[in-house]
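The values are calculated or read from the model by the stated rules, or taken from the named source; none is laboratory data. For clarity, every value in this text was computed on a predicted model and none was experimentally measured. Methodologically, a virtual Cβ is constructed for each residue, glycine included, from the backbone with ideal geometry; neighbour enumeration extends over all protein chains shown. What goes into the accessible areas is simple: the full protein's heavy atoms, side chains included, and nothing from ligands, DNA or RNA. Shrake-Rupley method; radii C 1.70, N 1.55, O 1.52, S 1.80 Å.
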Amino acid sequence: MQNNVFTAFQTNWISLLVSLVIIGFLYFLARKRVGFGTRVLLALGLGLAAGIVFNTLKLDYKSVSTIGTIYVNLIKMLVMPLVVVLVIHSITSLSSLGQLRKIGVKTISWFLLTTGIAAAIGLAVALAVDPGAGIQQAVPKDFKAREIPTFSQVIIDLVPSNPINDMATGKVVPVLIFAIFVAVAIIHVGSKKPEAVQPVKQVIASLADILHQVVKYVIRLTPYGVYALVGAMAARYGLDTLAPLAKIIVASYIALILHFIFVFGGLVGLVAKVNPLTFFRKAYPTAAVAFTTRSSYATLPVNLEVITKRLRVSDRIASFVAPLGATMNFNGCGGVWPAVVAVFVAKVYNIPLGPSEYIVLILVAVISSIGVAGVPGPATISTTVVLTALGLPLEGMGLVIAVESVIDMGRTAVNATGTTVTSLLVANAEGEFDRESFDRGEEDPLETATA
């Protein structure tokens with residue numbers, strides 16, 4: 001043990017010393033309240049610079065790689081608990097089956113439909129742009145090629161048989177379906193015996209709060225994880241290998257813009273029958289706050305005011321759809337981004353994906369988006385779920401996490417705007433949209449100020 005420690009220090013002391021200095025600097029910036037996004041971008045630059053130096057001087061970078069692996073493992077740790085707790089918590093926020101059948105079904109259907117379309121757009125753009133071109137990595141030693149199952153076997157594998165075993169073996173889709181069954185059962189029983197399910201709902205709500213806090217702990221480590229992951233990759237492959245990562249940003253924003261303009265604009269114009277340009281002008285504060293804060297929860301107060309005071313949607317619809325959307329509606333984080341990353345990782349590791357995998361990708365992206373928490377960063381969780389379901393190496397996620405903060409601004413703006421769109425669609429269907437006031441351009445001043 002001592003020899004191993006001594007050998008590791010002897011061969012890695014330079015990279016370890018540099019890493020400690022950089023991590024200390026990033027921690028100092030955090031103590032000085034430097035913005036999260038700024039620190040992540042700095043970590044990206046520092047990791048790139050340090051990795052290139054390590055690569056040029058042929059220095060051992062195992063210590064840097066170890067830090068990155070620890071961060072990835074912490075992300076993996078969260079997947080199953082989040083899937084179970086947050087999906088149940090999101091669905092049980094509907095107070096009765098009657099409410100679920102009426103407003104709830106319409107709201108959730110729009111959430112899932114638009115997320116599915118977003119995943120399809122992300123997939124199409126990624127296949128066209130091919131963001132993984134030029135980056136090649138060896139498949140991890142513990143990775144085993146997956147046999148192509150028959151269609152009937154795919155359907156059977158979606159049905160949970162032993163939820164605990166499914167959790168232990170990383171079978172995400174059966175766990176998701178099990179959580180949905182439990183959530184619906186809670187609503188059903190609660191409609192007849194509210195007192196019987198109240199303790200369960202309180203426990204689930206408490207677990208959700210606790211997991212949100214755990215997510216925050218892990219996300220706070222993102223700058224250090226970004227430095228280590230980028231540094232290790234740059235040290236191994238050099239600068240030339242990192243240049244194609246720019247394609248990830250380009251592909252993601254192309255898909256996000258297409259979804260924003262054509263899907264949101266089309267739904268507003270064709271379904272709600274309002275002028276899309278007027279809608280986007282009125283919804284601008286929501287998109288702006290979401291873009292800068294990178295948090296659906298931080299955007300929620302502004303979004304509620306935008307929906308009621310600028311879009312002229314009733315308080316009842318707004319107070320139901322907006323909070324639910326902050327937990328369940330993630331067109332960008334749960335639709336576009338996982339699809340782009342999946343195509344990227346498959347290309348990098350030279351793992352072929354076919355039509356059946358594309359269908360599974362879209363379906364899993366739709367289902368997994370339900371429980372994504374509305375704080376900066378958890379799109380990583382949704383992406384992990386999709387990669388796991390497709391049998392792709394999770395190590396590939398480390399290659400894109402460095403540029404995620406840049407893309408997260410656009411993703412969150414799309415997420416929050418999607419909730420605004422759904423509020424308008426549901427209110428229009430329920431007769432709770434003041435179209436005349438909207439058309440006259442009547443707007444009440446927004447009062448909410450965000451930190």
What dipole magnitude, in Debye to the nearest 20, does the range 265-367 give about its Cα centre under +1 on Lys/Arg Cβ and -1 on Asp/Glu Cβ? 420 debye
Are there trypsin sites (Lys or Arg not before Pro) in the range 48-87 that DSSP marks as loop and that have at most 10 other Cβ atoms within 10 Å, and which are they? K58
With just the Cα atoms defining each centre, how far is the range 304-335 from the range 44-62? Give it in Å. 45 Å
Between A124 and A246, Cβ-based FRET efficiency (R0 22 Å, step 0.05) works out to 0.65
Starting from the Cα of F181, step 7 Å along the direction of its Cβ; do the same at S161; then give the gap between the two resulting points in nm. 1.3 nm
Check the straight Cα-Cα distances from K58 and name the lysines below 29 Å, setting aside those fewer than 8 residues away within the same chain. K141, K247, K347
Would you rank R220, R31 by solvent-accessible area, highest first, keeping every protein chain in place and using a 1.4 Å probe? R31, R220
Of the cross-linked pairs K62/K216; K216/K273; K76/K192; K192/K282, which ones have a Cα-Cα span greater than 30 Å in the structure shown? K216/K273; K76/K192; K192/K282
